[in-house]
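Before I ask anything, let me first share the structure, which is written out below as structure tokens.
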Amino acid sequence: MNAERVVRRGVLAIAFAGLLAGGAYAQSQDASSQQQDIKDDKKDIRSDKKELAKDRADRDADQRDINKDKRDLAADRKDRNQDQRDINHDRRDLNKDRADRNQDQRDINKDKTQLASDVNKYGSNSTQAQADRKDLHADRVDRNKDQKDINHDRKDLNKDRTDRNADQRDINKDKRDLHADRNQEQKDIHKDKKDLHKDRKDLRHDKRGR
């Protein structure tokens, strides 16, 4: 009986020792895993800080781009407005030259009628007919000059419209560049801040042994 008790106690002692050893081993494994998690979290935080610093540097470079885009945008708007003023001026010139050309044409028609009338009354070589021919010639010269002015004004108008349209395209491009530069890096910085915040939170939890 005593021998049986001794054996039973020995078995229980061995089992208890095994439980203690297993628990210690598991606890050691948990501690090792926790240390590895903390190490990984710190590494992630360092990486996040580098990414954040890089994005801030990119943001600063983008801010310089933004400032340049603003200057370009202001210059292009100034050019566009000047072109629009030139267009308005060309239109006024064109309208005035057309009015002058039309008036010259009316004068020519009147001179032709007067010439025909004087030829019938006084003859083809009369003083009146010669004066009418002189007036007719002068009015035709004026009419041709006005037509040249009209052609020149049209060219100026078309060129100024082309310049104005090119400036407007530049303005639209500058606006798109400005919008893109303002948004992209700010998004990256916001994302990196969120990652950094999450990794710091994980580190706190791992340090508490969660």
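The values are calculated or read from the model by the stated rules, or taken from the named source; none is laboratory data. As the structure is a prediction and not an experimental result, all values here were calculated from the model. Using ideal geometry, Cβ is built from the backbone for each residue, glycine included, and neighbour counts are taken over all protein chains shown. SASA here: full protein model, heavy atoms, side chains in, ligands and nucleic acids out. Shrake-Rupley method; radii C 1.70, N 1.55, O 1.52, S 1.80 Å.
Multiplying the sequence separation of ASP58 and ASP37 by 0.36 nm and subtracting their Cα-Cα distance, what value in nm do you get? Please report the intermediate quantities before stating the final value.
On the way: separation 21, 0.36 × 21 = 7.56 nm, distance 3.10 nm.
Gain on extension, ASP58 to ASP37, equals 4.5 nm.
Right, here's the next one. Over the range 104-210, average the accessible area per residue using a 1.4 Å probe and give it in Å², no decimals. Kindly include the intermediate steps, with their values, before the conclusion.
Numbers: 7660 Å² over 107 residues.
Dividing the accessible area of the range 104-210 by its residue count gives 72 Å².
Considering the options ALA61, GLN128, ASN88, tell which one lies farthest towards the positive end of the dipole of the range 58-145, charges being +1 on Lys and Arg and -1 on Asp and Glu at the Cβ, about the Cα centre.
The residue sitting most towards the positive pole is GLN128.
With the Cα gyration tensor of the range 33-84 giving a ≥ b ≥ c as the square roots of its eigenvalues, does the rule (a/c under 1.5 for rounded; else a/b larger than b/c for prolate; else oblate) give rounded, prolate or oblate?
Details: a/c = 13.11, a/b = 6.97, b/c = 1.88.
In terms of gyration-tensor shape, prolate.
Next question. How many percent of the accessible area of the range 52-207 is carbon or sulfur, using a 1.4 Å probe? Don't skip to the end; give the middle numbers.
On the way: 4820 of 10640 Å².
Reported share for carbon and sulfur atoms: 45 percent.
A further question on this structure: Find which of ALA138, VAL119, ASN183 sits farthest along the positive direction of the dipole of the range 109-210, computed with +1 on the beta-carbon of Lys and Arg, -1 on that of Asp and Glu, about the Cα centre.
ASN183
Taking the Cα-to-Cβ direction at LYS50 and at HIS190 and moving 7 Å from each Cα, how far apart do the two end points lie in nm?
Here the answer is 2.6 nm between the modelled labels.
Let me ask another. Per the Debye formula with a single identical scatterer at each Cα and no solvent contribution, what log10 I(q)/I(0) holds for the range 95-186 at q = 0.14 Å⁻¹?
Log-scaled intensity ratios, in q order: -0.68.
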